[in-house]
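Right, I'll just put the structure down here and ask away after.
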Amino acid sequence: MRELSIDYGPTPFRFFHSWFNLDGFDKIVEDTWKNLATVDSNGMINLWKKLQALNIVIKQWTKNSKKSSYKVKTSIQSKRSDIKKILGKGGKGDENTKFFHGILNSKRSQLAIRGTLVDGEWIVDPLAVKSVFLKYFSTQFSSPVSPRICFADQFTNRLSLEQQADLERNVFNEEIKSAV
C-alpha cells in the first residue's frame, strides 16, 4: 500500500458532517440539487455553478437553523427561570441562608481572639498575638527535653503464679460482705 498526498485546492464551501444529524438537511440538499438547472456545455463549470448555488442555500439554512435553535434555547432558559421563581430559590439559596450566615458571622466575631496576657502585659497586636500562640503551642507539642525514666534493673519483688491466679479468680458475694 502507498500513501498518496494530493492537494485538491480549497474546499468549495464549509461543510460539517453533524449537519446530517439535523432535521431537514438531507431534504434541502437533495431538493436543491435536483431543482438546479444549469445549462452549460462544460461539465466542470456546470458542477461549479451547482455547488455555488448549493452553498447559498446551505448558508441560508444554517442561518435559519441557528435562529430557531437560539429561540428554543431562550425558551428553555425562560421556563427554567420561571420554575426557579416558583420554587422561590432563584438560584441563590433559600430564605434561611441569610439567617444562618448571620449566625455564623456573629459566632466567628464572638470567638475571635483579640489579645492575650503575657507577663502581666496585655498584647493586642495581631502579629504579636500570633507569635505568642505559636511559641506556646510549639513548646507544648515539641519532644521532651529530659529523657524519660528508664529502669535499669528488673523488679525483684514479683507476684508468684499462685498470687497471679488468686487476683484473676472469681469473687463471690459472701467474700465481699465479709471483707466490708
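The values are calculated or read from the model by the stated rules, or taken from the named source; none is laboratory data. Everything numeric here is computed off the predicted structure, so don't read it as measured data. Backbone-built Cβ (ideal geometry, glycine too); neighbour counts: all protein chains shown. Just so you know, the surface numbers come from the protein's heavy atoms only, side chains and all, with ligands and any DNA or RNA stripped out. Shrake-Rupley method; radii C 1.70, N 1.55, O 1.52, S 1.80 Å.
Report, by residue number, each residue of the stretch 100-118 that is more than 30 Å from the chain's Cα centre (by Cα) and of a type in the set (S, T, N, Q).
110, 116
Pairs needed: first member in the stretch 125-136, touching a residue at least 12 places away in the same chain (Cβ under 8 Å) and closer than 15 Å to residue 112 by Cα; second member anywhere, open to solvent by less than 100 Å² (accessible area, probe 1.4 Å) and of a type in the set (Val, Ile, Thr); C-beta distance under 8 Å; at least 6 residues apart or different chains.
These pairs meet every condition: 129/116; 129/123; 133/116.
Which of the following residues is among the basic types (Lys, Arg), more than 28 Å from residue 23 (Cα to Cα) and out of contact with any Gly (no Cβ under 9 Å at 6 or more places or on another chain): 67, 98, 73, 59?
Among 67, 98, 73, 59, only 98 is among the basic types (Lys, Arg), more than 28 Å from residue 23 (Cα to Cα) and out of contact with any Gly (no Cβ under 9 Å at 6 or more places or on another chain).
Shifting gears a bit: Pull out all pairs, ordered by first then second residue, where Cβ-Cβ is under 8 Å, the residues are six or more apart or on different chains, the first lies in the stretch 3-25 and is over 24 Å from residue 49 (Cβ atoms), and the second is among the polar types (S, T, N, Q).
Here the result reads 22/65, each pair linking the stretch 3-25 to a residue that is among the polar types (S, T, N, Q).
For the stretch 1-48, which positions are farther than 25 Å from residue 67 by Cβ and at pLDDT 85 or above?
34
Step by step: first the residues of the stretch 124-157, then only those that are among the aromatic types (Phe, Trp, Tyr) and within 36 Å of the chain's Cα centre (by Cα), then the one that is modelled with the lowest pLDDT. Which residue is that?
For the stretch 124-157, the residue satisfying everything is 141.
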